[in-house]
Amino acid sequence: VQIAEDIEQPEGCDVIEADGFLAIPGFVDAHKHLWQAALRGICGDMTLLGYFETIRQNYIASYRPEDVRVGNYACALELLNSGS
């Protein structure tokens with residue numbers, strides 16, 4: 001409701017000490033490629049060109065419909081577990 005240096009704390013409110021943090025209320029990471037969850041660990045530091053060359057040309061060509069289904073399911077469970 002309010003951001004200021006001195007705020008009188010209303011009854012029943014939690015106070016979060018957030019010195020040095022950036023508050024972004026309502027921020028949601030809604031861009032997920034669920035089926036690629038198993039590949040996340042190998043492409044985190046790739047350039048976009050590297051991603052297209054490696055993932056799009058090599059790995060995706062080997063994916064079967066069952067791989068996509070399992071990837072979607074596993075990533076959805078991971079997101080639920082993390083509160084995303």
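The values are calculated or read from the model by the stated rules, or taken from the named source; none is laboratory data. Here the structure is a predicted model, which is why all the values come from computation and not from measurement. Every residue, glycine among them, receives a Cβ derived from its backbone with ideal geometry; neighbour counts consider all protein chains shown. SASA here: full protein model, heavy atoms, side chains in, ligands and nucleic acids out. Shrake-Rupley method; radii C 1.70, N 1.55, O 1.52, S 1.80 Å.
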Out of the total accessible area of the chain (probe 1.4 Å, heavy atoms of protein only), what percent is carbon and sulfur? 56
Expressed to one decimal in nm², the mean projection of the alpha carbon convex hull of the chain is 8.7
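Accessible area per residue of the chain at 1.4 Å probe, in Å²?
90
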Once you keep just the Cα pairs under 8 angstrom separated by 6 or more residues, what percentage relative contact order results for the chain? 41
Given the protein chains as shown and a 1.4 Å probe, how many square angstrom of residue 47 are accessible, to the nearest 10? 90
Given the whole protein assembly as supplied and a 1.4 Å probe, what does the accessible area of residue 45 come to in Å², nearest 10? 140
In whole angstrom, note down how far apart the Cα centers of the range 67-84 and the range 1-62 are. 16
How high is the FRET efficiency from residue 28 to residue 68, r the C-beta distance, R0 30 Å, rounded to 0.05? 0.80
For residue 79 the rounded accessible area (nearest 10 Å², probe 1.4 Å, non-protein molecules ignored) is 40
